[in-house]
Amino acid sequence: MPFKFKHLVQLLEDLNRARKQAQSLSTRHSTPADEIIIKWFSRHESDIIRHGPSAVAFLSCMLLDRVPNRVYGLQEKSLASVLCKALFIENTSRGRQLHEWEVTGLDFATCLEKHVMALAENDPPPAHKEVTLEDIDAVLRQLAANSKFASPEMRRHRDGVKSEIPLRSILSRLHSREAKWFVRMIQRSYGPVQIPESLVLGCFHFLLPDILSLQNSIDEAVEVLGKPDLISIPHDPPSALQQEYRQECARHLTPKLGVMVKRLEYFKARSIRHCCQMANLRTMSVERKYDGWYCQIHIDKSKGKECIQIFSKRGKDSTKPFIRLHGALEAGLRLGDPACAITQNCIFEGEMLVWSRSRQAILPFEKIRKYTQYGGRTIGAGADSPRSSDEQLMIIFYDCLWHDNQNLVNEPHHVRRQRLEEIVSVTEGLAQLGDRREIRFGSESAKAELRKFFGYAIEQRWEGFVLKGCRDPYLSIGWHTNAIKLKKDYIKGLGDAADLCIIGGRKDPLEAEKYGGSLNWTTFYVACLQNKEVIQRFGTKPKFLILDILTRQTMSEGTFRELNQRGLGFCVPFSGSTEQMDVNIEQPGIMLLPPTVLFTKPFVVEVTGAAFTKPADVAYYALRFPRDIKLHFDRPLTETHSFEELQEMARESLTPVDSEEQEDVNWILRLTEADGKQNQCVDLHAAGTPSPSRVSTASVSTCMSSPLTASRVDHVGTHQPQPALSNYAVAVKPDATPSPKTASTCQSSPLALPANRAQRLDESAALPPPINHVLSPGKGVKRKHEESNLSTVANKRLRKNSFKRLVIPLQSSLQNKTYPVHPYEPPAVFRSPTKTIEQSPSTSPISQQRKPLRELNNVSTKRGLEKLTSTQAESGDHGEMGTAKTVDEHVRNKSSTSKMGNSTSTSHESQASAGSAHGLDLVILKVMSSSALSPQDIKSVNWVTVVYVQLVDSVSSKLVRNTTYETARTISKEYKRYRETEKKCHRIARHAEDPGYQLQPRQPQRRMILFYDEKIQSSFVSSSSDIILKRAGDVLRKRQARKYFAGALLMTAHEDTEDVVSRAIWDWRESVRLLSELRS
């Protein structure tokens, strides 16, 4: 007797009730879903038919994902129209309620149950007319066959009947509760209820999971169970007999042409060390993973010209959509050629890609869309470029599962690979074999070899690796193969990432029910700024472009709940333009389901993804598979990536680098860091963080206010007195002992100062004060008050994730005497921090005659930060660091000018030329120095330069990013203070009635701070600071310097604003372009 549909509905209701009980805080105990399913199978043991069409209908209705060829083409809008016709409620209030189901706050199926069917319940049908699973399965097959998206197999059953007719025959016999689950079957999801597939298959028949691995079709699997030699095997025998029955089944089980073989399952490697652990001393075939569309190709030469059949990753028959690939398959397999190595049939696995003949390269993933058609039209290619005669589809073969009636799935991988090489005729741009390398993980060098190979793969922008045991079969009953997938975004800290904004949310009632029903939003919309620079300059209303959606699966539960709670305080109904922001949506998929609310205070988030790609029907790049959301409440909107910056990051991420740049060396170091300590546990659930264009681990150790000179101090608990430095910096450990590695660097540094400037190590000399406003001491260290005499706690254990370092400029440590002017101290007006007042022994300030205020030696009406210089800097030269005029020449020229004893007007002209034009330089020098130093003191800083360089430990340092933003904020703050002091001095000058002094109008100023790895010093061949100044600009523009690039900061002071507009740049090409603009 056919199985009744109401029994399945009862199981679904029980699972839904148990799910709600488990989510309820007041319920201490709930029945597990597995226990409910096992009891349900036991209860209906006699009603379940395990062979024939009834078995197929039973499994097809329970496991909706197991029938990928059923595509109905009925979304909520079209499904509502069909159901209204089937229930004859087209122009009634119930029909209108169904069309407006979103207003009810319920999901579509529940709205049908409560607001349509429950208002006019059907009479219970007689027992012999109750709806069975066979009835349901027949109607669903008919709907799929009549759909315009029907597969060739389903299209053969097309009868042209309108959809509402078969639906009417079912709905008229269903209760409202049963109709809800029937509609969810049409929607291909029982959500929020989850049915565990493996458990259901095992309860139905213990052999079913093994059969489906080789013949991935419910119809074929049931047919295998019905074979005479297997039909007598019980569905749940004792455990002692199961292995014997499995061996008997294996003798009758082989792949079948026209039926997809289940894809190999992969385990994700979270680091190189984790990958080596899973390899477990095996010899592995490390194969390149291509970023294309998976294809399983079945060749049956008995079908003549239609011998090719292609299955997609989801098991759909994609022979017709992939029709343009057939030419490449015919060329690579030599079909129709006497030399063809296939006499009867074959099954391959491969990847479909797009090849460019002019570039001689594989094109990005999104290029494939325009070469495939579903239902006679391309999908998602609306904004793509037209198909080009220069491009063609190609296939990369990487496995052979069946050849001329010989089963190869049980053979080792090296045997299958050898057979593949014998069959495939390699033709460039059409058919090729995947790149691979064998690594013996039993050897000591395996880990280093894999790390080096993976570093090269990342440098070449490969998607990743797939590792297969050379002696492992593809599939075998009783044998569990362990193939490994290794991608950079699987490793914590290596994925491509961007700082974006969450600007809105939307609630899906079905998803909300899954997570407890008390959520405000289940989907969040991530966007980027389209007018970032305008906001920084004028403070205008932000304009956002929505890039993607984020669901619960893309973030932790804590982040998901926090967004739901924090968003309540500042949400408004969605509109394309509000008082707080403008929102632009270009993707058609998001246009169909836009946000329902906008957050007036968007959330700044860090989003990680698997590289960049172009979404469907748009021409811009966005992160692929965005996930691992991290909230940053301390960052403003202007510290997120703009649309232009995001596109530049994408192009950089997708462009392979030149071999001479040696980027793989940096990746090898980052992979080593990702492995962690030897005894550290591998985080199997960790995911990717910042991209190489941004930063990851390690810390900034060098801060420079001058071109390529620095000093560093390792992370210590206190600032201990240390010897003065002779030429380069020495890393100081807590025990005040320089590390041998760094000490050796001191001797060979190409940036060593001339001998006449070097000083001997003097234990009595102390390092200058740290730069607290740029990099404060590490967290967890007790710091005394600035004016306190209490000693600092030196051996205090540092807190976790403490990363900030003490940063000291090299030149300040070389001074015989420094003046400890705190960076936050307001600029001095009545004293000069760089000069002491010289007085003759016989002269006493008391005996001197009173003079006007402006004639006193220690009082000046000059503007605040200008008093930091003893000579006026020249304003006419704003060249880059490579300018021919060095600081020494400026000092000599200005000193000779001052000795000429010009009139007061000349002094004012010099002041006017230097003050406003170089105000930003003065502030940058002050921020990036530990004390107020004059140009004579800082010999390696070009006083009139527009570019500064700051060295860091590593381009992958996460602190580079934090330091960049902190430096920008500090410079902006100090510049405001500088302007306030300037105005204050102007008022003092007016009060003193100085007729020659005028507050000069500010000129637009642009300055750039570059962050480079300290290893860039090897690019300089001379230790002379003059030569360094002349060659720095050329060196930084060389492609060899690209691998040392960590980031840049562009500072702009406009005439019409008091703020300094900052822009962080993480792309080397963009920084070189801006560098050229500044130089010109």
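How many of the residues making up the range 364-389 are surrounded by fewer than 16 Cβ atoms within 10 Å (Cβ to Cβ) and within 21 Å of R461 (Cβ to Cβ)?
Number satisfying all stated conditions: 1.
What residue, among those in the range 532-568 that are over 16 Å from D628 (Cα atoms), without any contact (Cβ under 8 Å) to a residue 24 or more places away in the chain and out of contact with any helix residue (DSSP H, G or I) (no Cβ under 8 Å at 6 or more places or on another chain), is surrounded by the most Cβ atoms within 10 Å (Cβ to Cβ)?
Checking each candidate, the answer is V534.
Tell me which residues, restricted to the range 511-549, are out of contact with any Lys or Arg (no Cβ under 9 Å at 6 or more places or on another chain) and among the hydrophobic types (A, V, I, L, M, F, W, C).
Result: A512, V526, A527, C528, F538, F544, L545, I546, L547.
Using the structure shown, decide if R436 is farther than 30 Å from Y190 by Cα and more than 25 Å from the chain's Cα centre (by Cα).
Details: farther than 30 Å from Y190 by Cα: yes; more than 25 Å from the chain's Cα centre (by Cα): yes.
Yes.
Going through R324, R246, R314 one at a time, which residue ends up being touching a Leu at 6+ places or on another chain (Cβ under 6 Å) and among the basic types (K, R)?
Every option except R324 fails the conditions.
Does A650 satisfy being modelled with pLDDT of 90 or more, under 20 Å from R461 (Cβ atoms) and buried (at least 18 other Cβ atoms within 10 Å of the Cβ)? Reasoning before the result, please.
Working: modelled with pLDDT of 90 or more: yes; under 20 Å from R461 (Cβ atoms): yes; buried (at least 18 other Cβ atoms within 10 Å of the Cβ): yes.
Considered against the rule, which asks whether it is modelled with pLDDT of 90 or more, under 20 Å from R461 (Cβ atoms) and buried (at least 18 other Cβ atoms within 10 Å of the Cβ), A650 comes out as yes.
So which pairs qualify, if the first residue must be in the range 439-465 and farther than 23 Å from H414 by Cα and not assigned by TED's automatic domain parsing to the domain that holds A610, the second must be hydrophobic (A, V, I, L, M, F, W, C) and assigned to a loop (DSSP other than H, G, I, E, B), the Cβ gap must be under 7 Å, and the two must be at least 6 apart or on different chains?
Cβ pairs passing all conditions: E459/V657.
Going through L494, L519 one at a time, which residue ends up being part of a loop (DSSP other than H, G, I, E, B) and closer than 30 Å to Q277 by Cβ? Quick ask: steps written out before the conclusion?
Numbers: L519 fails: closer than 30 Å to Q277 by Cβ.
Of L494, L519, the one residue that is part of a loop (DSSP other than H, G, I, E, B) and closer than 30 Å to Q277 by Cβ is L494.
Output yes when any residue across the range 660-675 is under 26 Å from P386 (Cβ atoms) and crowded, with 20+ Cβ neighbours inside 10 Å, and no when none is.
no
Yes or no: S198 part of a loop (DSSP other than H, G, I, E, B), surrounded by fewer than 21 Cβ atoms within 10 Å (Cβ to Cβ) and either out of contact with any Cys (no Cβ under 7 Å at 6 or more places or on another chain) or not β-branched (V, I, T) (or both)? Spell out how you get there, then give the answer.
Details: part of a loop (DSSP other than H, G, I, E, B): no; surrounded by fewer than 21 Cβ atoms within 10 Å (Cβ to Cβ): yes; either out of contact with any Cys (no Cβ under 7 Å at 6 or more places or on another chain) or not β-branched (V, I, T) (or both): yes.
Taking the combined requirement at face value, the residue does not satisfy it.
For E428, all conditions in the list (1) touching an Asp or Glu at 6+ places or on another chain (Cβ under 9 Å); (2) under 28 Å from A328 (Cα atoms); (3) charged (D, E, K, R) hold save one; what is the number of the exception?
For E428, the failing item is (1).
Suppose we filter S46, S54 for residues that are surrounded by 14 or more Cβ atoms within 10 Å (Cβ to Cβ) and under 24 Å from L199 (Cβ atoms); which single one remains? Can you show your working first?
Values: S46 fails: surrounded by 14 or more Cβ atoms within 10 Å (Cβ to Cβ).
Checking each option against the conditions leaves just S54.
When you look at R566, is it outside the structural domain of R1006 (by TED's automatic domain parsing), over 26 Å from L510 (Cβ atoms) and either modelled with pLDDT of 90 or more or part of a helix (DSSP H, G or I) (or both), yes or no? Write out each step before concluding.
Working: outside the structural domain of R1006 (by TED's automatic domain parsing): yes; over 26 Å from L510 (Cβ atoms): no; either modelled with pLDDT of 90 or more or part of a helix (DSSP H, G or I) (or both): yes.
Spelling it out, it is not the case that R566 is outside the structural domain of R1006 (by TED's automatic domain parsing), over 26 Å from L510 (Cβ atoms) and either modelled with pLDDT of 90 or more or part of a helix (DSSP H, G or I) (or both).
If you check every pair at least six apart or on different chains, which have Cβ atoms under 6 Å apart with a residue in the range 166-187 that is closer than 15 Å to L79 by Cα first and a residue that is among the charged types (D, E, K, R) second?
K180/E113
Quick one: count up the residues across the range 348-362 that are surrounded by fewer than 19 Cβ atoms within 10 Å (Cβ to Cβ) and either in contact with a helix residue (DSSP H, G or I) (Cβ under 8 Å, 6 or more places away or on another chain) or part of a loop (DSSP other than H, G, I, E, B) (or both). Walk me through it before giving the result.
Looking only at the range 348-362, we keep the residues that are surrounded by fewer than 19 Cβ atoms within 10 Å (Cβ to Cβ), and these are 356-361.
Filter once more, so that each one left must be either in contact with a helix residue (DSSP H, G or I) (Cβ under 8 Å, 6 or more places away or on another chain) or part of a loop (DSSP other than H, G, I, E, B) (or both): 357-360.
Summing the residues that are surrounded by fewer than 19 Cβ atoms within 10 Å (Cβ to Cβ) and either in contact with a helix residue (DSSP H, G or I) (Cβ under 8 Å, 6 or more places away or on another chain) or part of a loop (DSSP other than H, G, I, E, B) (or both) in the range 348-362 gives 4.
Name the single residue, out of those in the range 363-384 being of a type in the set (A, V, I, L, M, F, W, C) and part of a loop (DSSP other than H, G, I, E, B), that is modelled with the highest pLDDT.
As a first pass, look at the range 363-384 and keep what is of a type in the set (A, V, I, L, M, F, W, C): 363, 365, 368, 379, 381, 383.
Those still in the list that are part of a loop (DSSP other than H, G, I, E, B) too: 363, 379, 381, 383.
On the way: L363: 92, I379: 82, A381: 82, A383: 82.
Selected residue: L363.
Can you pull out every residue in the range 452-491 that is part of a loop (DSSP other than H, G, I, E, B) and within 27 Å of L363 (Cβ to Cβ)? Step through it out loud before you land on a result.
Looking only at the range 452-491, we keep the residues that are part of a loop (DSSP other than H, G, I, E, B), and these are 460-463, 470-472, 474-475, 477-478, 480-482, 487, 491.
Those that are part of a loop (DSSP other than H, G, I, E, B) and within 27 Å of L363 (Cβ to Cβ): Q460, R461, W462, E463, K487, I491.
If you go through the range 92-112, how many residues are closer than 16 Å to E513 by Cβ and either free of Cβ contacts under 8 Å to residues at least 60 places away in the same chain or surrounded by 20 or more Cβ atoms within 10 Å (Cβ to Cβ) (or both)? Working first, answer last.
Filtering the range 92-112 down to residues closer than 16 Å to E513 by Cβ leaves 101-102, 104-112.
Filter once more, so that each one left must be either free of Cβ contacts under 8 Å to residues at least 60 places away in the same chain or surrounded by 20 or more Cβ atoms within 10 Å (Cβ to Cβ) (or both): 101-102, 104, 107-109, 111-112.
Number satisfying all stated conditions: 8.
Can you tell me which residues in the range 88-127 are assigned to a helix (DSSP H, G or I) and of a type in the set (S, T, Y)? Show your work before the answer.
Within the range 88-127, the subset assigned to a helix (DSSP H, G or I) is 93-99, 101-104, 108-120, 127.
Those that are assigned to a helix (DSSP H, G or I) and of a type in the set (S, T, Y): S93, T104, T110.
Confirm whether M278 is modelled with pLDDT under 95 and not in a helix (DSSP H, G or I). Please lay out each step first, then the result.
Values: modelled with pLDDT under 95: yes; not in a helix (DSSP H, G or I): no.
No; evaluated as a whole, the condition is false for this residue.
List pairs: first residue in the range 385-396 and under 9 Å from A431 (Cα atoms), second residue aromatic (F, W, Y) and part of a loop (DSSP other than H, G, I, E, B) anywhere in the structure, Cβ distance under 7 angstrom, at least six positions apart or on different chains.
Correct list of pairs: I396/Y290.
Of all the residues that make up the range 409-428, how many are within 16 Å of A483 (Cβ to Cβ) and assigned to a loop (DSSP other than H, G, I, E, B)?
So the answer is 3.
The values are calculated or read from the model by the stated rules, or taken from the named source; none is laboratory data. This one's a predicted model, so the numbers in the text were calculated from it and none came from an experiment. When we count neighbours, we look across all protein chains shown, and the Cβ atoms used for this are built from the backbone with ideal geometry, even at glycine.
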